[in-house]
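Computed from the coordinates by the stated procedures, all read-outs in this text should not be read as laboratory data. Since this is a predicted model, take the numbers as computed values, not measurements. In this analysis, Cβ positions are derived from the backbone assuming ideal geometry, glycine residues included, and neighbour counts consider all displayed protein chains.
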Amino acid sequence: MRPATHRLAAVDEANLVLDHAGQVNVFLVAGLLTAGGFVGPDGMPDLSALRACLRERIATLPQLRKIAVATGRRHRWVEAAPDLEHHIRLIEAVDGLAGFEQTCGELMSATLGLDRPYWEILVVPGATVGGIGVVLRIHHAVADGMAASAIVQQLFDPVESRGTSVHAPSVLVPGQAPRRDLRHILGRFGFGLRRMRMTLSGREVGPTVLLGERSPHRGVVFLDADLAALETHVRPVGATVNDALLAAVALGYRAVLSAAGERIPARLPVSVPVALQRRGTAGNQVGVMLVRLPLGDVEPDELVRLITEQTRQEKARAREQGTLEFMRGPIGARIMDRVARRQHLVAGFVTNVPGPAGTFRLAGAPVVAIWPVAVLAANVRLGVAAVSYAGRLHCGVHFDAENVPGATFARAMGEGLARLGA
């Protein structure tokens, strides 16, 4: 191990704070691979071939070759060579996609050892007929969704087609400079104070099955929808694929609350990350917007319109404001973590990351599907993550299996995506 390289960015340090008992701050990308390359015709993997292929790529990714070492009250990144026998390994076979989903759910409450680089690739036989499942887990201190997407694209073989993705990244234009006039600065300061006050004491969500202490038993359901059909359907009203996703999520929440016998509110607020322009070395560069999902008995197209009215304004404001104030360093993260265990400002998390324009292979094996699974934090019991890949919008629904009827949510959400893609 070499001497310390550089201190963690404050926002990455904040994400170390959020990893503790009952809250594993590790997100997951699951994929299905068919025969080819390191996957034999019988669907059996050759792990030696996989490790040999990835060894050189990992050598070019410093994010996968470091650990955080305490130096006083803060941490520094220190070079640490990964043991590929540990980081890339075979786990127990599963019975089809349902078994793969169950395994991913179990992994969402399994910690990553912090004495090794903060990632692992797990090979899962039986996840698909004639192929395998693969799971990449990576700690949030290393990367946010956009940074993790970049890591995935460097680990996998180059994409097989070029072009512009239908689902473009939500980032600032590189040449766009922030305004510096006094009125604007004071406006941002005031908005930041309001966001802090809302984080500490906001009460927009009443008592609900969606919030509360989480059990260690997690469930995961995978969904997907035709990406081009979604975009074609919503484009005429100026909406995005992300707006369509949020509309389908709203239908899922309405179904869950109805199944739980709860009063359905007119609107349900959720937290939605917004990617920022990448600057500096921080692995986490993301803002957040609050979207109040309409839960009234309206058609999906009307849901999209109502959501788009919000996101047009809130997305720009979130980008301008930058990282959530309490996540700009470890002290704020500790305060937020304590308060968030009892928060009633948001009922869920919804995140959406653009994928590649083409398709991947991993060590020569075709990747036919990928799904992201996001962290459940604070007292939130259900969240949704999505990524575009191979012409589909792939969604992972992650929930507390003991307290939330996740299958009900996923079924209603899937029906909503189908109607919006018709």
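For the chain, the residue among Ala369, Val353, Leu227 whose Cα projects farthest onto the positive side of the dipole built from Cβ charges is Val353.
Put a plus charge on the Cβ of each Lys and Arg, a minus charge on the Cβ of each Asp and Glu, and nothing anywhere else: the dipole of region 211-298 about its Cα centre is then about 340 debye. For Leu393, the shell of other residues with beta-carbons less than 15 Å away shows a net charge of -2, using +1 for Lys and Arg and -1 for Asp and Glu.
Its DSSP H runs of at least 4 residues, each contributing -39,500 (n - 2.57), put the calculated 222 nm mean residue ellipticity of the chain at -10500 deg cm²/dmol, to the nearest 500. What is the percent of Cα-Cα separations in region 4-155 that go past 29 Å? Within region 4-155, distances greater than 29 Å cover 19 percent of Cα pairs. Taking Rh as the Kirkwood radius computed over C-alpha pairs, what is the Stokes-Einstein D of the chain at 4 °C in a medium of viscosity 1.567 mPa s, expressed in µm² per second? Once the numbers are plugged in, D ends up at 59 µm²/s. Structural descriptor for the chain: relative contact order 25 percent, calculated from alpha carbon pairs under 8 angstrom and at least 6 residues apart.
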